[in-house]
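The values are calculated or read from the model by the stated rules, or taken from the named source; none is laboratory data. Just so it is clear, the model here is predicted, and its values are computed rather than measured. FYI the Cβ positions are ideal-geometry reconstructions off the backbone, even for glycines, and counts take in every protein chain you see.
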Amino acid sequence: MQIFNEVQYYIWLFFWGYTGALLGGFYGVLYFRLENVTKRKIANSLREWMAVLMTSSECDYCNIQLKWYHYWPIFGYVFLGGKTKCCNETIPVKYFLFELCGMCIFLSVFVLTY
């Protein structure tokens, strides 16, 4: 029974860590999009704000829409070697740091409450 509890603990650890990375990445993208909108003053109505926020992510350099497997937090950054797949430019570290911070926050809460 003790082995099951250890396995269960690591499964929950992975689940909450990855959930934190997902939400951290989402909040990071949301933050940078809102920052971009307010700098450029490109959204004047609610409809324009929603259009900016709800569009699919694209490469910062060549504006090609990202594939679904590029969205995986931390793994996507590591497997691509910190470079974009489409134009081989460096992915800004700020996205990776938001994912890492989200993961650390969720893991610390989980470890402190388990």
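Confirm whether residue 22 is in contact with an Asp or Glu (Cβ under 9 Å, 6 or more places away or on another chain), within 23 Å of residue 109 (Cα to Cα), assigned to a helix (DSSP H, G or I) and aliphatic (A, V, I, L, M). Don't jump to the end; show me each part of the working.
Values: in contact with an Asp or Glu (Cβ under 9 Å, 6 or more places away or on another chain): yes; within 23 Å of residue 109 (Cα to Cα): yes; assigned to a helix (DSSP H, G or I): yes; aliphatic (A, V, I, L, M): yes.
Against the criterion (in contact with an Asp or Glu (Cβ under 9 Å, 6 or more places away or on another chain), within 23 Å of residue 109 (Cα to Cα), assigned to a helix (DSSP H, G or I) and aliphatic (A, V, I, L, M)), residue 22 qualifies.
Within the stretch 32-55, take every residue that is closer than 18 Å to residue 92 by Cα and free of Cβ contacts under 8 Å to residues at least 24 places away in the same chain and give me the one that is nearest to the chain's Cα centre (by Cα). Give the steps one after another, and end with the answer.
First, the residues of the stretch 32-55 that are closer than 18 Å to residue 92 by Cα: 32-36.
Filter once more, keeping what is free of Cβ contacts under 8 Å to residues at least 24 places away in the same chain: 33-36.
Details: 33: 13, 34: 15, 35: 16, 36: 17 Å.
Checking each candidate, the answer is 33.
Return yes when residue 48 is acidic (Asp, Glu), touching a helix residue (DSSP H, G or I) at 6+ places or on another chain (Cβ under 9 Å), modelled with pLDDT of 90 or more and surrounded by 12 or more Cβ atoms within 10 Å (Cβ to Cβ) and no when it is not. Explain how you work it out, then say what you get.
Details: acidic (Asp, Glu): yes; touching a helix residue (DSSP H, G or I) at 6+ places or on another chain (Cβ under 9 Å): yes; modelled with pLDDT of 90 or more: no; surrounded by 12 or more Cβ atoms within 10 Å (Cβ to Cβ): yes.
No.
Name the residue that is surrounded by the most Cβ atoms within 10 Å (Cβ to Cβ), counting only residues in the stretch 59-114 that are out of contact with any Asp or Glu (no Cβ under 7 Å at 6 or more places or on another chain) and polar (S, T, N, Q).
84
Pick out, from the stretch 42-114, the helices (runs of 4 or more DSSP H) lying fully within it that include 1 or more residues that are under 29 Å from residue 12 (Cβ atoms).
Answer list for the stretch 42-114: 75-79, 93-113.
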